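Below you'll find the structure, written out as structure tokens, and then a few comments.
The values are calculated or read from the model by the stated rules, or taken from the named source; none is laboratory data. For clarity, every value in this text was computed on a predicted model and none was experimentally measured. For neighbour counting, all protein chains shown are included, and Cβ atoms are generated from backbone atoms with ideal geometry for every residue, glycine included. For the accessible areas, the whole protein counts, side chains as well, though only heavy atoms, and no ligand, DNA or RNA atoms are used. Shrake-Rupley method; radii C 1.70, N 1.55, O 1.52, S 1.80 Å.
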Amino acid sequence: MIKLLYRAAAKDSGGRTRMRPRTWVAASFVLFASIACLWATDARAQSAATDQAAPKLTSDMCLGCHGQEGFAPPKTAEPTFYMPMVQKDRFLGSVHGKRQCVECHTNITKVPHEKVEVKVNCVNCHEKLLEEAQGAEKKDDIARLSGVVNMIGRYMKSIHAQPNKSDQSRTNATCYNCHEAHYIYPSGSPNRNWWRLNMPYACGQCHSKVLEDYKTSVHGKEALQNGNPAAAVCSDCHTTHDVQNPSLDSTRLLITKNCGNCHYKELKSYTGTYHGQVNTLGFAYTAKCFDCHGSHAIKRVDDPASSVHPNNRLQTCQKCHLDATAGFATFQPHANDKNFSRYPYTWLATKFMLLLLGGVFTFFWTHSALWYYRELRDHQQGKSRPHVHTEALNGNNGKPVVYYRRWSAIWRIAHLCFAICVIMLVLTGMTLLFADTYWAPLISKLFGGPRVTGNVHRFFAAGFVGIFFWHIAYIAFRIGKNWKTFRWFGPDSMIPNWNDLDDAIGMFKWFFGLAPKPQLDRWTYWEKFDYWAPFWGVAIIGGSGAMLWAKGLTATYLPGWVFNIATIFHGEEAVLAAGFLFTVHFFNNHWRPDKFPLDILMFTGKMPLEEFKREHLIEYNRLVASGELQQYLVDAPSQPMTIASKILGFTLMGSGLLLLILVMNGFAHHLFGG
């Protein structure tokens, strides 16, 4: 190349060779290009040599050092989850075993290498793998990696992903602090149990005091000493990726729920108590499993160090119930109706209430169904019924009077107050009793929580009982005025007599078409049943409610299992009362063909004279014979009164029907499971 340049040179007139300027420029360019080519060729040769000298880093190359026993720093006396030495067999059997080490440790480019900072980005790696799987439409990989990315999203919202208070440049814990990325195993794999049993040590790297407590617990001994993989470890209670501050209400509720993953029967019995019902409604202020049993240092019940050991139980109760007496210590929070030998009183109380509910509803629902059938058939067949020509009865300045005054204002007001109290008691009470239904938490939150709901419940309970005892006092006063002449089993008395039995038998004969409908007196047998039912209800519901309300006083004189019985009676009897009132009572007074769709008698106090004669013929005849009928005949209720009574009646009836649906839903949920 250089020779060619010289040949291209020109000679001057003196015979000397002279290089022209253009030639010099060309020669310089060619010389530079030649040197560049030679350098590039040499660089490629060196690169090829380097590639041969430094092959791609594989896991086997890394494990050549890191997989050697003794290569890593010596182990401490206490085993830890994170081990600098990588066990080759365990690693290759993990979910990451098929990947190369440098895929995660991207800042390592040669071996041997200097000490480097661990820089592993679990998040980006898994998200990238998911994107690749979605692009390639690999369904199995998409399902698996979507689960991983979902866990990452949950972790990002956890307390572990939050900045550390002492060093805000790092999080509280990241993926490899908990998982130890070399040993991650899918569920069901042979090494999964090994990984699970080492989890407490992983958590203990940060929570050292908790680990020490856990080692002494029944869970820790089973897991760490006995190697039982079924024993509870940290993630069973606190969850895995959703770990939150344990002081939060939501965390306390979740941990309580997680206890039931192992202790299902105990959780179910707990949810039947007031503590558990409030918990189920989503409020955390009542006692949880760990409030009584302890948390990380939980012991067996027969361990003298256990907080629920008989010797320590009262002290545990007094953490919340400062006035707790010895009776509290014998309360049975896990009593159930399946174990007669262990909980005989609970078993008997439950079976008694079920038989009572079944017997009452079977009889009265059958009674109502037969009554509806016979009365409807009589209407269809046009059978004559007794009538009275009211125009022949004159009064009120010669104007015809067609209505009979059956109820005075004082009884109508008492009935209305009773009805409102019952509706509010059912609404607030069933919200707690059936706390595990979908509707109960909504109602509880509308009231402002169980505390407010409880106060409302007790207010209307006091109102109900107050009206009841006012009625007792009023009746006693009326009877006292006529003590000598009052007939205890006469037609004006609500005390059942043999005529009531005859009337009931006569009604059933009429139901089956064996006899005409019996003629009835002032008070029918079903009205007397309605009257006496509140006496039973106040005694059972009111008595048990008072015991639960004044728990300190109750436990001072009675054993703790009384609370279990009182809870059963209070709830089940309330179901009986609500079911009876909103079905049988409504039918007797509003839904049978003669009354449908609404009888406003209890709001106006008046009923048509023809209807009075048809329903209470014996009393009608007695009043006619004595000449007293005239003083009970009144004008028909005014139109505004009638409209207002219908609005009020339908409102109360609609409220009752809605509550009936909720009660039936809750009772079926408890009886058959949800």
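Numbers for the structure displayed
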{"read-out": "Residue match in the range 432-450 (condition: under 19 Å from Ser655 (Cα atoms), free of Cβ contacts under 8 Å to residues at least 60 places away in the same chain and among the aromatic types (Phe, Trp, Tyr))", "value": "yes"}
{"read-out": "Glu180 being at positive phi and open to solvent by 50 Å² or more (accessible area, probe 1.4 Å)", "value": "no"}
{"read-out": "Members of the range 110-148 that are within 15 Å of Thr174 (Cα to Cα) and of a type in the set (A, V, I, L, M)", "value": "Val118, Val120, Val123, Val148"}
{"read-out": "Residues that are open to solvent by 20 Å² or more (accessible area, probe 1.4 Å) and of a type outside the set (A, V, I, L, M, F, W, C), drawn from the range 601-619", "value": "Lys606, Pro608, Glu610, Glu611, Lys613, Arg614"}
{"read-out": "Close pairs from the range 629-653: first within 19 Å of Arg405 (Cα to Cα), partner of a type in the set (Gly, Ala, Ser) and part of a helix (DSSP H, G or I), Cβ under 8 Å, at least 6 apart", "value": "Pro637/Ser645"}
{"read-out": "Flag if Thr485 is loosely packed, with under 13 Cβ neighbours inside 10 Å and of a type in the set (Ser, Thr, Tyr)", "value": "yes"}
{"read-out": "Scan of the range 300-320 for residues that are in contact with a helix residue (DSSP H, G or I) (Cβ under 6 Å, 6 or more places away or on another chain) and in a loop (DSSP other than H, G, I, E, B), ordered by number", "value": "Arg300, Ser307, Val308"}
{"read-out": "Residue among Asp236, Asp213 that alone is surrounded by 18 or more Cβ atoms within 10 Å (Cβ to Cβ) and acidic (Asp, Glu)", "value": "Asp236"}
{"read-out": "So Ala566, is it without any contact (Cβ under 8 Å) to a residue 40 or more places away in the chain, under 29 Å from Gln277 (Cβ atoms) and in contact with a helix residue (DSSP H, G or I) (Cβ under 8 Å, 6 or more places away or on another chain)", "value": "yes"}
{"read-out": "Gly656 vs. criteria open to solvent by less than 80 Å² (accessible area, probe 1.4 Å), within 51 Å of the chain's Cα centre (by Cα), under 22 Å from Asn588 (Cα atoms) and of a type in the set (Gly, Ala, Ser)", "value": "yes"}
{"read-out": "Single condition Pro518 does not satisfy, out of (1) in contact (Cβ under 8 Å) with a residue 24 or more places away in the chain; (2) over 30 Å from Pro640 (Cβ atoms)", "value": "(1)"}
{"read-out": "Enumeration of residues in the range 490-512 that are open to solvent by 80 Å² or more (accessible area, probe 1.4 Å) and acidic (Asp, Glu)", "value": "Asp492, Asp502"}
{"read-out": "Count - residues of the range 160-176 that are surrounded by fewer than 18 Cβ atoms within 10 Å (Cβ to Cβ), in contact with a helix residue (DSSP H, G or I) (Cβ under 9 Å, 6 or more places away or on another chain) and of a type outside the set (Ser, Thr, Tyr)", "value": "2"}
{"read-out": "Residue within the range 555-565 that is at pLDDT below 95, β-branched (Val, Ile, Thr) and over 26 Å from Trp365 (Cα atoms) present", "value": "yes"}
{"read-out": "Residues (exposed (fewer than 15 other Cβ atoms within 10 Å of the Cβ) and outside any loop (DSSP other than H, G, I, E, B)) located in the range 128-141", "value": "Lys128, Glu131, Glu132, Gln134, Gly135, Ala136, Lys139, Asp140"}
{"read-out": "Tabulated pairs, the range 155-177, first touching a residue at least 12 places away in the same chain (Cβ under 8 Å), second exposed (fewer than 13 other Cβ atoms within 10 Å of the Cβ) and assigned to a loop (DSSP other than H, G, I, E, B), C-beta under 6 angstrom, 6+ apart or interchain", "value": "Ile159/Asn245"}
{"read-out": "Answer from Lys268, Lys338, Lys351 - the residue that is basic (Lys, Arg), surrounded by fewer than 17 Cβ atoms within 10 Å (Cβ to Cβ) and part of a loop (DSSP other than H, G, I, E, B)", "value": "Lys338"}
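Residue-wise test of (1) over 26 Å from the mean Cα position of the chain (by Cα); (2) under 18 Å from Pro246 (Cβ atoms).
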{"residue": "Leu281", "(1), (2)": "no, no"}
{"residue": "Ala287", "(1), (2)": "no, yes"}
{"residue": "His296", "(1), (2)": "no, yes"}
{"residue": "Ala305", "(1), (2)": "yes, no"}
{"residue": "Pro310", "(1), (2)": "yes, no"}
{"residue": "Lys319", "(1), (2)": "no, yes"}
